[in-house]
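The values are calculated or read from the model by the stated rules, or taken from the named source; none is laboratory data. Remember, it's a predicted structure, so these values are computed and weren't measured experimentally. Note that we place each Cβ from the backbone using ideal geometry, even for glycine, and neighbour counts take in every protein chain shown.
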Amino acid sequence: MVPRRERNLDLQASIDRSDSVLDFVRPSGQGAGQTALNLVDEAADVFRKTEDRARETEEKLRLAEVRAEAAERAQREFAIETERTLQDASMALAQAQSRIEAQEGKLVAAEFRAQAAEVEARDAKHALALVEDAIRRRLLCPAADAGKLEPVSQKNNETGIVAGLTIQPIPFDINEWHSGMA
């Protein structure tokens, strides 16, 4: 192969100033054929290098496309998984809220039952006090001394009544009491 400098020397260009046309002067016989072969070889080398670069560029482009597709696929999978996780969390939250509401309902019902039980206990305690008072009046007080009671500690302390307590008689009608309970 002839070095580039020598090749340029083989072709001499002259410019015709009147027409502004480039005119190449042909070298003599044998040098022209060698120069043409050198140009063909050089053109083939340039073409091969261009094809090689094009193949490398196409390969890089193909790899970039594969990476981009993989990244898009990973992003879609991540979005799907995130959506699924959000749906699961949303369902869990809805279930927790439902359980809380149910527990609040049970709590309100229990509070109402407790209030009703307190009222019943108060009523039962009052009724028991009335019955105890009636029993004391009938059993512990003689008929003549119905208005005067002595301290319980002097009578009988085995009944479980607090010592030193005096009981005042209360008018009591069992039928009236029973009709009030209904």
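Annotation note: of 43, 68, the sole residue that is out of contact with any strand residue (DSSP E or B) (no Cβ under 8 Å at 6 or more places or on another chain), at pLDDT below 95 and surrounded by 10 or more Cβ atoms within 10 Å (Cβ to Cβ) is 43. Of all the listed residues (88, 52), the sole one being surrounded by 10 or more Cβ atoms within 10 Å (Cβ to Cβ), without any contact (Cβ under 8 Å) to a residue 40 or more places away in the chain and more than 40 Å from the chain's Cα centre (by Cα) is 52.
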